[in-house]
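The values are calculated or read from the model by the stated rules, or taken from the named source; none is laboratory data. Only a predicted model underlies this, so the values are computations on that prediction, with no experimental measurement involved. Every residue, glycine as well, gets a Cβ built from its backbone with ideal geometry; the counts of neighbours run over all protein chains shown.
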Amino acid sequence: MSIRKKINAALRYAILIAVGFLLAYPLLWMIGSAFKHNIDIFGNLAILPPPGRGTLEYFPAAWQISHDHTMAFYYVNTLRFLIPRVIGTVLSCTLTAYAIARFSFPGKKIVFTLVIVTLLMPELAFRIPIFMLYRDLGLIDTFASLYIQEFFAVGSFFVFMMIQFMRTIPRELDEAACIDGCGPLRTLWHVLIPVLRPIIITVGLLTFMWGMNDFQGPLIFLNSPDKRVLSLALRGLLQDYDVTHYGQIFAAAFMGLIPTLAIFFTCSKYFVEGAITSGGKE
Amino acid sequence: MLKPGEHKRNKWLTPYLLLLPWIIGILLFRAYPIVMSFWYSLRDFHPIMGDRGFIGLNNYSWLLFRFPSFWRSVTATLRYVLIGTPMVLAAALFIAFILNFKLKGVNLFRTAYYVPSILGGNVAVSIVWIQLFSANGPVNQILSVIGLQPISWLRSETFAPFTLIFLSAWQFGSVMLIFLAALQNVSQSLYEAASIDGAGKWKQFVSITMPIITPVILFNTVNVLLRHFQEFNAAFLITNRGPNQATDFLNILIYEYAFVRFQFGIASAMTWLFLAAIGLLTLILFLSSKYWVHYSD
C-alpha cells in the first residue's frame, strides 16, 4: 500500500469515527446525565459524571413517573396496543404480499398500484374521517383504536417490502408444494413462512419500534389517564416542568429508551437488512 | 375442508380471499376516509356541535385569504422541508460513499449509524434534544469553546427550526443504508475502465456512480421529502410550534384544528391543501426525473 493510500484510509476512518461520535453523543450524554447530580449536568461537555460523584439518586423518582403510576404501568399500556398491532401487521401484510407476489388474477395491476399510491399518501389524509368512524364504533379511548387498522394491511410500506422479498424466492419452491397437493394457505404456512422468516421478523420489529415512538396516535385517540401509554407519560415530564429535576428527566428518558435500544442491539441484523430491502430495486 | 374437485374449481377465488383483509382495509380505512375528508372540507362541520351545512369552498378561501397563520405554517413547513431534505440526502450519500470503500468494520458503522433512525421519533429523544440545545447545554458549550456567543436556540425564530433540522439530519442512517446498498450493486468493471483513464475516486463517483444510482436518489428524495412534510413529534415537543409559529408545521396546525378545536371542516380543507402541495412537489420530482434519472435496461 502506498503512503497516499494509507493516508486516505486513515482519513476515511477518522471521518467515520468523528461522525459516529457526533451521532452517539446525544445518547451517551443522556445516559451519563441520568447518573449525575443536577449541578454536574450543564455547563460542561462531559458524558460521565465527575469522578466519585455518580449517583442513582434520581432513578426511583423517575420510575415513579406520574402521581399515580410507575413506568411499569405505562410500559404495559404500550404493549397492550403494540402487541396486537404487530400481530395484525404481520398477518395481514403477509397474506396481501403473498396474493400479489404469487398469483396472477384480474385486477392485480390495480391492487399493486393502490399499494404504491397509499404508500405515498400521508397517514394524516385519513385521520379525521377515521376518528369519526371510530367514534361511531365506540372505539375512541380504547387501545383497539391504535391497532384495528393494522389487521387490514394498511401498512403499504410493509406490503411492498414483503412483495420485494418474495420476488427473490424461486417460484419452483411453492410449485413443488402445489404438486404435492398443498392448498395455498398450507403452501404459505409450510413452504414460504420458513423462508420468509427474516422479513417477517423485520416487519414485526419495525412495527414495534415505530409503535414505541408513536405519540400522535395516542394523543388523538386516548383520553383517560389509566390508558396513557409511555410516550404520553414521558411527555408529562415536559408539562410539569420542574427546574430542579433534570436528573429525573434524564433518568426517565433513559429508562424510556432502554427497551427500544435493547431490542435494536439484539436484532440489529434484521433492521439493517430491512432498511436495505425497503429500497430494493423494482 | 374442500373436497378434491372443489379446490380446483374455486381456484380463481384464492387470491381474492387472500386479499380480503386488504380489500376491506383499503375501502374502510383509505377510500372512505379520503372521500369523507373532501366532503367535510366543503362543510361547516363540527363533530360535537354538528353539521351546519354545505358552504362550498368557503373553508378553502378562508384559509387562503383570511387566515395568515395558515401561510406562516406553510412557510415554516417549507423551510423545514427544503433545508432538511437536502441535508439528510447529502449526509447519507456522503457517508455511504465512504463506507463503500472496502473498509474493515463497515458492518459496525452501518449498525451504529442506524440507531438514530430508529430512535428519532421517540418522545425521550425530544426531551434530550431540549436539554442539548438549552442555554447551558452541550451545543452552546461547544460554541463557547470555539469562541462564539451562546445562542438561545429554542427561543429564536431563526435558530429554532435548525434544532429540528439537526434532529432530522441526525437520523440520516436509514437513507444512508439504502444508498450504500445501491452503491454496492454498481458493477466493479465500470470503475476499472475509469481508473485506467486516470479518473480520481471523487471524479469516478460523480461521473460514473451518480448517474447509475439516480433511481435510488429519486426514491430517497421522495421518501425524505414526505417524511419532512409530516413532521409532528419534534416540533410539538421540542419547540412547541414556536417561537412565533417558526416551527408550526402543517401537520400540527391540522391536528390543532381537528382535535383541539374540533373544526373538522377547516381541518379537512387544510388537509386537502396539504395533500395538493405534497402531490404537486412529488409530481414535479417525477416529471423532472425524465431529465436526470437514468434507468438502465
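Quick notes on this one:
- Residues located in the range B:229-248, provided they are touching a residue at least 60 places away in the same chain (Cβ under 8 Å) and either within 11 Å of chain A (Cβ to nearest Cβ) or among the aliphatic types (A, V, I, L, M) (or both): B:F229, B:E231, B:N233, B:A234, B:A235, B:L237, B:I238, B:A246
- Failed condition for B:A181, given (1) more than 24 Å from A:D214 (Cβ to Cβ); (2) touching a helix residue (DSSP H, G or I) at 6+ places or on another chain (Cβ under 7 Å); (3) modelled with pLDDT of 90 or more: (3)
- Residues in the range A:96-117 that are closer than 22 Å to B:F29 by Cβ and hydroxyl-bearing (S, T, Y) were compared, and the one that is nearest to the other protein chains (Cβ to nearest Cβ) is A:T96.
- In this structure, A:T113 does satisfy being more than 25 Å from the chain's Cα centre (by Cα), polar (S, T, N, Q) and surrounded by fewer than 20 Cβ atoms within 10 Å (Cβ to Cβ).
- Qualifying positions in the range B:135-149 - at pLDDT 90 or above, within 14 Å of chain A (Cβ to nearest Cβ) and not in a helix (DSSP H, G or I): B:G137, B:I146
- Hey, A:L146 surrounded by 15 or more Cβ atoms within 10 Å (Cβ to Cβ), under 29 Å from A:M121 (Cβ atoms) and without any contact (Cβ under 8 Å) to a residue 12 or more places away in the chain or not: no
- Restricting attention to the range A:166-192, the residues that are more than 14 Å from chain B (Cβ to nearest Cβ) and touching a residue at least 40 places away in the same chain (Cβ under 8 Å) total 2.
- Helices (runs of 4 or more DSSP H) contained in the range B:224-296 and holding at least 3 residues over 18 Å from the mean Cα position of the chain (by Cα) and at pLDDT 95 or above: B:264-292
- Residue among B:L180, B:L190 that alone is out of contact with any Ser or Thr (no Cβ under 7 Å at 6 or more places or on another chain), within 14 Å of chain A (Cβ to nearest Cβ) and either assigned to a helix (DSSP H, G or I) or more than 30 Å from B:A76 (Cα to Cα) (or both): B:L180
- Hey, B:T209 modelled with pLDDT under 90, part of a helix (DSSP H, G or I) and buried (at least 18 other Cβ atoms within 10 Å of the Cβ) or not: yes
- Among the residues of the range B:150-165, the ones that are under 15 Å from B:A246 (Cβ atoms) and within 13 Å of chain A (Cβ to nearest Cβ) come to 2 in all.
- Among the helices (runs of 4 or more DSSP H) confined to the range B:7-53, the ones with at least 3 residues that are more than 7 Å from chain A (Cβ to nearest Cβ) are located at B:32-41.
- Members of the range A:218-228 that are part of a helix (DSSP H, G or I) and surrounded by fewer than 21 Cβ atoms within 10 Å (Cβ to Cβ): A:L219, A:I220, A:P225, A:D226, A:K227
- If you go through the range B:94-128 and keep only what is more than 7 Å from chain A (Cβ to nearest Cβ) and charged (D, E, K, R), you end up with B:K102, B:K104.
- Some residue of the range A:73-94 being free of Cβ contacts under 8 Å to residues at least 40 places away in the same chain, surrounded by 19 or more Cβ atoms within 10 Å (Cβ to Cβ), within 27 Å of A:L185 (Cα to Cα) and within 26 Å of the chain's Cα centre (by Cα): no
- Residues of the range B:57-65 include at least one that is of a type in the set (A, V, I, L, M, F, W, C), crowded, with 17+ Cβ neighbours inside 10 Å and at pLDDT below 95.
This table checks each residue for (1) crowded, with 16+ Cβ neighbours inside 10 Å; (2) modelled with pLDDT of 90 or more; (3) not hydrophobic (A, V, I, L, M, F, W, C).
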| position | (1), (2), (3) |
| --- | --- |
| A:A9 | no, no, no |
| A:L22 | no, yes, no |
| A:I31 | yes, yes, no |
| A:F35 | yes, yes, no |
| A:N38 | yes, no, yes |
| A:G43 | no, no, yes |
| A:A97 | yes, yes, no |
| A:R102 | yes, no, yes |
| A:G107 | no, yes, yes |
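- Candidate set from the range A:125-149 (those that are under 18 Å from the mean Cα position of the chain (by Cα) and at the interface with chain B (Cβ under 9 Å from one of its Cβ atoms)); member that is farthest from A:P84 (Cα to Cα): A:Q149
Conditions (1) polar (S, T, N, Q); (2) within 17 Å of A:A252 (Cα to Cα); (3) touching a strand residue (DSSP E or B) at 6+ places or on another chain (Cβ under 9 Å), marked per residue:
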{"position": "A:M30", "(1), (2), (3)": "no, yes, no"}
{"position": "A:F35", "(1), (2), (3)": "no, yes, no"}
{"position": "A:N38", "(1), (2), (3)": "yes, yes, no"}
{"position": "A:I41", "(1), (2), (3)": "no, yes, no"}
{"position": "A:P50", "(1), (2), (3)": "no, no, no"}
{"position": "A:A61", "(1), (2), (3)": "no, yes, no"}
{"position": "A:Q64", "(1), (2), (3)": "yes, yes, no"}
{"position": "A:M71", "(1), (2), (3)": "no, yes, no"}
{"position": "A:V86", "(1), (2), (3)": "no, no, no"}
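- Test for B:Y80: is it in a helix (DSSP H, G or I), in contact with a His (Cβ under 9 Å, 6 or more places away or on another chain), in contact (Cβ under 8 Å) with a residue 24 or more places away in the chain and not hydrophobic (A, V, I, L, M, F, W, C): yes
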